[in-house]
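Below you'll find the structure, written out as structure tokens, and then a few comments.
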Amino acid sequence: MSNIATALSGLQNVSLAIDTASNNIANANTIGYKSGEYVFATQFLNGSNSSDQPATGQGSQSLGVRRPMTQGAITNSANPLDLAISGKGMFRLLQGSGSAETVDPSAVYYSRNGQFGVDKNGYIVNENGMFLTGYQPSLDGNQITDDLIKNNGLLRMPDSNLPGNATSNSTLSAMLDSTGTAFTKTANISFDPTQATYNNKTTQTVFDNSGNSHTLEVYYRRINDSTLSITSGSSGYTYTPSTASSPNTLGTSSVTLNKESVLRVNTSPVASTLASAASTSTSIALTAVPSNAGSSVTLTSGMKIFINGVDSGATVSSISGTALTASGNVTVPSGAALSFYNGDLTKSVTAATSATTLTVSSPEASKLAVGDKVYLTTGDTGVTIASISGTTITLSGAISSTALSSASVTFKHALSMTLITPEGTEIPVTGATNKKTSGEVLTTTTSQVEVYASIDGNFYDYQDSSKFSDRAANPDTQGANGTGYKTVAKLSFMGGQNIDSIVKDSLSGDSMFKTNTKLTSRLTNQAGGSSDLIINLDLSGTQLHAGPFQITKSTQDGEAVARLTNVTVDNAGRIVGVYGTGKQQFIGQVAMVSFDNEEGLIPVGKNAFAASNMTGTEQDGTGVTVGRAGTGVLGEIRSQALESSNVDLANELVRLMILQRSYSANSQSLKAVDQTLRDTLQMVG
């Protein structure tokens, strides 16, 4: 009778539903477990004729176990390799037989269970020995590639120890105190590291190619100021960098300040006034007679005319009241400020026997002043008047006697000016004119600092020939009994800035020049072996200002032997090994997989699932997304956390009670059928 089969199907399916609920309860504490829900369905048998009435129901049947992939609660863990997924996605696993060589790349499994550790070969595996896969790191471990194929995508911990590497580049940027003692030539005190003969000292730990540490000591010593010449040309204001400079741009031999720099005159004019009307000729109308501090001043022929603070290149030809005649056509805006400075003095001179002295007449000598600049017909000599004694003029530098006797000399009164770059750097300079592209040689005072260096207490270029610098030079002062120490670099500063690093490249932002020195030393170890340590020491960032000494930057690229101390995993699944030296190395990035039809995955035990024809596979790419955490539909990864099962115990217990009652009811149906059969047999008998 069909009613027996009907009752029996009810008992069988309810029994399986009880098994499903019991399995949920049993796995309530299983990490990443997804509860199952038994799906019942009815059974009917229809006749072959569509017009026939449906037959009595034939009981129940199963449509399988549905597993909603809802998010489980996330709990904290102490293991850094315990991972939880917040959102969609599953971990991608490969099965092996105890070693990475036995892994079948086609046997891919998926899981939400993030309990991972490390096997004896350093591979990241779960508790079942399945290998976690992900995107592979680059060879140097500094970045993560898009490679999921290399090494079958297995993620492996880096070496516990990283070998040390030698320091090849070092950077020391200091803020030196401009108010510190200057060890001048007059004092005649030589450098001695055991005495107070330097201003400041700093140390830096560097490493040889075996990872052994060494101490680099750098000493700073302020010495006599020097003079730097800056030429005003068509491209800007150009000067020669320091002797310790190297160009960052090949082919560059000089520093050029922006031609838009402003040259402000600080020297007070002899007289000043305003223009009452615009003019482009030699005639200039003034609002008032030129004056100084409220007193009128009589202008003389040859005085220089400055318009709005800039040398016009013209001089006073004559003046009558408020009508001024210039030596040439000038463009004067209405209301422009006009300033007047003493003119140049051009005379023939008699050269003295010394190339640094010359003789002028008494009246001419009275019109000169110390600091006046000396020009020949060939242009600015860069020489100034150092002193005047009667009619004898002593110059600041040498000019050949032949040149002096064969040409007239022009003396130009020096003006105190400030050269202001577009970046705001202010450089005090001295010159005869602030006219742009004039070819004028401006002079400025630069502060000089000597740099000495030692490695493990042994100074470069001192006694030990195996330790030397490519910038070695004799110091400014050797003292009464020269000690023999040599500098490894000499720094020059103007406006507090290193003259090599004032000008920056507009594209890269790097300075056009860098101040550096190459330090070479041969080091020996306890076993008698030796190795060369070559360090490029960059001092470009050093500045000189009033204030306490401080190191603003101290870096070097060498490393000691590094030991792995920690492993971290970020929200994107990037696994990073952290070493005791602070160095970090990428291990890889966890790959995640999302299925559009997650409920179609087949549970294969051990907290893992396999893809099916209902979910699609990675090979066909339909309904499957492989990617990185936090991208697209894929959720984020949390380290030191685990996802609990999504089993609702209260719900499962209630469901179990209902199923127990249902089982009892189905057994009563079977009992009723049995009784009916008995009654029928008695009637027949």
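The values are calculated or read from the model by the stated rules, or taken from the named source; none is laboratory data. These figures come from a predicted structure and were not determined experimentally. Here the Cβ is made from the backbone with ideal geometry for all residues, glycine too, and neighbour counts use every protein chain on show. For the accessible areas, the whole protein counts, side chains as well, though only heavy atoms, and no ligand, DNA or RNA atoms are used. Shrake-Rupley method; radii C 1.70, N 1.55, O 1.52, S 1.80 Å.
In the range 614-634, of all residues being in contact with an Asp or Glu (Cβ under 9 Å, 6 or more places away or on another chain) and of a type in the set (Ser, Thr, Tyr), the one that is surrounded by the most Cβ atoms within 10 Å (Cβ to Cβ) corresponds to Thr615.
Residue under question is Ser242, and the condition is that it be at pLDDT below 90, within 29 Å of Asp532 (Cβ to Cβ) and under 37 Å from the mean Cα position of the chain (by Cα); does it hold? Before you say what the answer is, go through the steps one by one.
On the way: at pLDDT below 90: no; within 29 Å of Asp532 (Cβ to Cβ): yes; under 37 Å from the mean Cα position of the chain (by Cα): yes.
When the stated conditions are applied, Ser242 does not pass them.
Counting only strands (runs of 3 or more DSSP E) that sit wholly inside the range 195-256, those with at least 3 residues that are touching an Asp or Glu at 6+ places or on another chain (Cβ under 9 Å) are 200-207, 213-233. When the test is whether a residue is of a type in the set (Phe, Trp, Tyr), under 30 Å from Val488 (Cβ atoms) and crowded, with 19+ Cβ neighbours inside 10 Å, Tyr123 does not pass it. Screening the range 652-682 for residues that are open to solvent by 60 Å² or more (accessible area, probe 1.4 Å) and among the acidic types (Asp, Glu) and picking the one that is nearest to Ala17 (Cα to Cα) gives Asp674.
Out of all the residues in the range 257-266, which are assigned to a strand (DSSP E or B) and either more than 29 Å from Glu450 (Cβ to Cβ) or modelled with pLDDT under 90 (or both)? Within the range 257-266, Asn258, Val262, Leu263, Arg264, Val265 qualify.
Note on the range 424-470: residues that are more than 17 Å from Gly484 (Cβ to Cβ) and charged (D, E, K, R) amount to 6. Just to verify a result, which residue in the range 377-402, among those that are open to solvent by less than 30 Å² (accessible area, probe 1.4 Å) and farther than 19 Å from Asp344 by Cα, is modelled with the lowest pLDDT? The selected residue is Ile399. Scanning the range 589-608 for residues that are open to solvent by 40 Å² or more (accessible area, probe 1.4 Å) and assigned to a loop (DSSP other than H, G, I, E, B) gives Asp596, Asn597, Lys606, Asn607.
Among the residues of the range 95-120, the ones that are hydroxyl-bearing (Ser, Thr, Tyr) and crowded, with 17+ Cβ neighbours inside 10 Å come to 3 in all.
Checking each residue in the range 307-324 for being within 18 Å of Ala288 (Cα to Cα), open to solvent by 50 Å² or more (accessible area, probe 1.4 Å) and either part of a strand (DSSP E or B) or among the hydroxyl-bearing types (Ser, Thr, Tyr) (or both) picks out Ser317, Ser318, Ile319, Ser320, Thr322, Ala323.
This table checks each residue for (1) more than 30 Å from Gln95 (Cα to Cα); (2) modelled with pLDDT under 90.
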site	(1), (2)
Asp510	yes, yes
Gly529	yes, yes
His545	yes, no
Thr555	yes, no
Thr565	no, yes
Ala591	no, no
Gly605	no, yes
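Kindly indicate whether any position in the range 579-588 is assigned to a strand (DSSP E or B), more than 26 Å from Leu83 (Cα to Cα) and open to solvent by less than 30 Å² (accessible area, probe 1.4 Å). Checked the range 579-588: no residue is assigned to a strand (DSSP E or B), more than 26 Å from Leu83 (Cα to Cα) and open to solvent by less than 30 Å² (accessible area, probe 1.4 Å). Of the residues making up the range 477-493, those that are open to solvent by less than 10 Å² (accessible area, probe 1.4 Å), closer than 17 Å to Asp225 by Cα and at pLDDT 90 or above are Thr487, Ala489, Leu491, Phe493. Among the residues making up the range 190-209, those that are open to solvent by less than 70 Å² (accessible area, probe 1.4 Å), out of contact with any Gly (no Cβ under 6 Å at 6 or more places or on another chain) and not aromatic (Phe, Trp, Tyr) are Asp192, Pro193, Thr197, Asn200, Thr202, Gln204, Asp208.
Given the criterion of a type in the set (Lys, Arg) and open to solvent by 60 Å² or more (accessible area, probe 1.4 Å), identify the matching residue among Lys347, Lys304. Let's see the steps before the verdict.
Details: Lys304 fails: open to solvent by 60 Å² or more (accessible area, probe 1.4 Å).
That would be Lys347, the only listed residue that is of a type in the set (Lys, Arg) and open to solvent by 60 Å² or more (accessible area, probe 1.4 Å).
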